[in-house]
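Here is the structure we will look at, set down as structure tokens.
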Amino acid sequence: MWKLLMPLLALVAFGGGATFPANKELLECASQILYMDQHSYQVPTDYNRNIPPGKNTTVYIGVNIIRVSGVDENKQEITLDVFLQVSWTEDRLNVPHRVPFIDLPWEFRQLIWTPDLYIWQLQTMKILSVLQEMASLRLYANRTVTVSIGATITIKCDMDFVLYPLDVQNCDIDFGSYKYTTEDVRFEWREVARWLGLGPVGNERSEFRLPKYVVTFVTAKSNHIHIFGEGEHSAARMQIILSRELRSYLLESYLPSSLFVIISWGSFCVIPEIVPGRMVLLVTTLLSLVTMFDTVSTNSPDALELKCIEVWLISCTIFVFLALLEYFVVLFGIRYDKSWSRRRQDLRRAASAAQLGPPPLHINHLQRLSTPVTGTPQGGMFSPTLSVEDEGLKQQFEHQAIQRDSPILESIPPGGRATGFVTRMRGIIDNGVMFCGAQHGALDKYALMIFPMCFLLFNVIYWTTYLS
């Protein structure tokens, strides 16, 4: 051992503590010194590190999730602290007899073949280190090579926030090769105990709870294929499922907005004449919902369409606005209640007078022609005068002129199908305004029943649609 150690120390002293690039001779020397107590290890002279161990080589992937460091919804990224294990069978390497495994220096990986592992959704990767980098290379007696790395990785995840906060995000992470096709290398999950250094069991689920998410990891047994370049490339897929914690959203958004809508129904129980109290209740509720909608839209992630929670808040705002609009209709009816009541009474008196009036007048034209008409010329004009027998006719003409000039009957057009329809419509509007402006609050009574039923129906449709 000292024969090998002295030349190495002389080389370091000659370099004055300088660092040299790794080369085959130096690495082999270091490995022999490290394992001299067991057996010296040398790479076979005919070994070619650029060629895979054989056709259809299987590379096993294992990932132990230590923690979920964070989820960035704006950047659509997930940061994980993991232990990554990659293993494959290398028949060209031998382990000394009765030695279960050999821990090789990390630099030794440059002397042997290693798979060109590519993580498709990887953004950044940083190997963890304390006193040294958390990376190891081990050769087992069954000629299995295992590479273990402790790292912090950032994964890009395509997220869709249309169903926010009822959304469930599914992120796929594919571990594969960018150079070798399925004829040369295949990637699979290692089905061993998870703490023996080679990853989780297939289809095993691991959950991590965050303040806003429940993060679940699922490994798929089926092999996934990516087609690009020279053909089909194998990949082992792990799926990350992000489910939101709905409790905070229910307490912070859904419950307050529902209470605001329910409070707006209390305005139906307030006497319409108390304008300040009822207006303050409705306007304050409406402004609170608008402020809540603005806050949620600002703090929530962006989406291509209206998000689920935005649809809820907009609907609650519309319910409160309709309650305010109903109060405007009531105020309109109260304002014109007296004038519409007087007009209705005048219409009834006019109808009664028409029924109790004198019979229609029949004039004998021969008699009218024989009746002398007297008059006196005034300023070149002749002013006729009626005789005493025409006094009844004169009174009837005056009565009809008064009825024609009355503004009350202006709304009653002469008979006919079209005019009859207009008359009925005006009567319906008259009754509607009288109903809205009734002092006993008939419209508020009906609104107090209709609004809760509509809101309940909206809840059934909303939750059924989005939860399914």
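The values are calculated or read from the model by the stated rules, or taken from the named source; none is laboratory data. What you see is a predicted model; the values in this text were computed from it and never measured. Please note: Cβ atoms are built from the backbone with ideal geometry, for glycine as well, and neighbour counts cover all protein chains shown. Side chains included, ligands, DNA and RNA excluded: accessible areas come from the protein's heavy atoms. Shrake-Rupley method; radii C 1.70, N 1.55, O 1.52, S 1.80 Å.
Please work out which residue is surrounded by the most Cβ atoms within 10 Å (Cβ to Cβ), limiting yourself to region 33-61 and to residues that are in a strand (DSSP E or B) and either hydroxyl-bearing (Ser, Thr, Tyr) or modelled with pLDDT under 90 (or both). Going through the qualifying residues, I end up with Tyr60.
Would you check which residues across region 94-138 are of a type in the set (S, T, N, Q), closer than 28 Å to Tyr178 by Cα and more than 45 Å from the chain's Cα centre (by Cα) and list them? Within region 94-138, Gln110 is the sole residue that qualifies.
Residue count for region 101-116, restricted to those that are open to solvent by less than 60 Å² (accessible area, probe 1.4 Å) and polar (S, T, N, Q): 1.
Yes or no: Arg247 at pLDDT 90 or above and loosely packed, with under 15 Cβ neighbours inside 10 Å?
Taking the combined requirement at face value, the residue satisfies it.
Residue pairs whose Cβ atoms lie under 6 Å apart, separated by 6 or more positions or on different chains, with the first residue in region 97-109 and of a type in the set (Phe, Trp, Tyr) and the second surrounded by 14 or more Cβ atoms within 10 Å (Cβ to Cβ), are Phe101/Arg138; Phe101/Tyr140; Trp106/Ala135; Trp106/Leu137; Phe108/Leu27; Phe108/Leu137. Whenever a residue of region 163-182 is within 17 Å of Lys221 (Cα to Cα) and in the same structural domain as Thr216 (by the TED database), its partners that are aromatic (Phe, Trp, Tyr) and open to solvent by 20 Å² or more (accessible area, probe 1.4 Å), lying with C-beta atoms within less than 7 angstrom and at least six residues away or across chains, give the pairs Asp174/Trp120; Gly176/Tyr118; Gly176/Trp120.
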